[in-house]
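Worksheet: one structure, shown below.
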Amino acid sequence: MLKKSKFRSGYVRIRVQGKETERFLNLCRSRGIELKKIVHTGAKTLEFNLALRDFFLLAPIRRKTGSRIHILERHGLPFFLAGWRKRKAFLSGIVLCGAILIFLSGRIWNIRIQGNVKNATPEILKFLEEEGITHGMKKSRIDCSAVAAAVRENYPETAWVSARIEGTRLILDIKEGNFPGETKQDEESCSIEAEEEGVIVKMITRTGVPQMKPGDVCKKGDLLVLGRLDIRNDSQEVVRYEYVHADADIYIKRELSYYKEIPLEYEEAVLLEDEKSGFFLKAGNWYLEAAPKKEEGRVQIREAYPFHITESFILPVTAGKITSRAYEMQEKTLTAEEAKAMAYDKLYEYEENLMEKGVQISANNVKIEVDHETCVSRGTLEIIEKTGRQVPVEVLEQPVERTTEDG
């Protein structure tokens, strides 16, 4: 705190020369002038630091002792500001730059959506724009709870949505409850039927009456869960029917055919040394580009570099490099080992895509063979996947209530 106080008020280092330097020091002390870092540099010379406000109290002492005072160093904010008075344009630029940064930090320049699978990011961004959530808007105008609620309402298949602001970014975390193969839920009564043929390995029924059990073989279209409840009396006679929205998690094991063919001879685009460069600059909706002309036999590669001060403080400015490279198509031939390696890579990629959709792979029965022309992968994958498609429940006529006379 003491160093900060000295910087704010300012201080100087001076040299005092004269025959009465000892008297000079005594007079300073008697007047309460605080001296720091006193050094005798000669018999009649000494140097010391003192506060800027005390420097102006030395004139009477100087006259009494007949001393000469030389300022050696100046430190502190008053001298710093005095030096910048001659550089008004530069100082104004610093102030303007700070004002621009404050302005930019109060707005949203990047909307990031993560976790979405079924709904594309451009589609969600378009919906947010219709709701008034756009790039460049003030952060204070964004109600994160309202944004999350609007996304949930417009996309019913989303099970959970979270919106938060980090720096100049609006981040939406989305968790979708329905994945490919599931049917959109509604509140009407329905039953569940099988989408594929397979062996039921797991069945958890929440509402409805199960029509099959684990170990049973179901075919496509078989009824798995009935959305109708039979209400019976003490005599186990059906007195009425109640219809419900069937809800269950049903997993089946089935075989999935796999076939992939890779030719050993193929054409590949090979980039040449012939290269032309350009650039582009984007600031908000303003766009400037100086790119090489598009020509046949050339490909353009764009590299974008967004401007950001911190990881979350992203500025609405992007610079980029445009590279135009010439290429030519060349005939290439794969060896048997290269073809098998490529076939395995494609098979693993296919399996990873299945697993991302919640499919479990319990067995791999795919074989890879190479002849003189092609590399062929064929066989089956034994998978466990979720099944179940909602279908309208058959509505029956309510049973006629029997009376005692009827019996």
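List the lysines whose alpha-carbon lies under 18 Å from that of residue 294, not counting same-chain residues fewer than 8 positions away?
Reachable lysines: 276, 321.
Run down the lysines and flag those whose C-alpha is under 24 Å from the C-alpha of residue 126, throwing out any fewer than 8 positions away in its chain.
118, 138, 139, 175, 184, 282
Rank by packing, highest mean first: peptides 13-25, 91-103, 376-388, with packing defined as the count of other Cβ atoms within 10 Å averaged across residues. Don't skip to the answer; put the middle values down first.
Working: 13-25: 16.6, 91-103: 10.5, 376-388: 18.2.
Highest to lowest by the protection proxy: 376-388, 13-25, 91-103.
Using the Cα centre of the chain as the reference point, and only Cβ charges (+1 on K/R, -1 on D/E), how large is the resulting charge dipole? Debye, rounded to the nearest 20.
7440 debye
Which shape class, rounded, prolate or oblate, goes with the stretch 251-407 when its Cα gyration tensor gives a ≥ b ≥ c as root eigenvalues, a/c under 1.5 marks rounded, and past that a/b bigger than b/c marks prolate?
Note, shape of the stretch 251-407 comes out oblate.
Evaluate E = 1/(1 + (r/R0)^6) for residue 166 and residue 328, where r is the Cβ-Cβ distance and R0 equals 51 Å; express this FRET efficiency to the nearest 0.05. Let's see the in-between values first.
Working: r = 46 Å, r/R0 = 0.91.
That pair, residue 166 with residue 328, gives E of 0.65.
Around residue 301, with a cut-off of 12 angstrom between Cβ atoms, what is the net charge of the other residues, counting Lys and Arg +1 and Asp and Glu -1?
Spelling it out: positives minus negatives among the neighbours equals +3.
Using only Cα atoms and rounding to the nearest 10 degrees, what angle (0 to 90) does helix 144-154 make with the longest principal axis of the chain?
Approximately 20 degrees, to the nearest ten.
What are the aspartates and glutamates whose alpha-carbon lies under 20 Å from the alpha-carbon of residue 220, with same-chain residues fewer than 8 places away excluded?
182, 193, 195, 196, 197, 247, 249, 255, 382, 385, 394
In whole Å, what are the Cα extents of the chain along the three principal axes, biggest one first?
Principal-axis extents of the chain (Cα, largest first): 134, 80, 39 Å.
Across 5 Å bins from 0, what is the distribution of all Cα-Cα pair distances for the stretch 239-339, in whole percents?
2, 8, 10, 9, 8, 8, 8, 8, 8, 10, 7, 4, 3, 2, 2, 1, 0
In a shell of Cβ-Cβ distance under 13 Å around residue 342, excluding residue 342 itself, what net charge do Lys and Arg (+1) and Asp and Glu (-1) give?
Working: positive: 260, 332, 340, 346; negative: 261, 268, 337, 338, 345, 349.
Charge balance near residue 342 sits at -2.
Every number here is computed from the coordinates shown, using simple stated rules; none is lab data. Source: prediction; values computed, not measured. Reconstructed Cβ throughout: ideal geometry from the backbone, glycine too, with neighbour counts over all protein chains shown.
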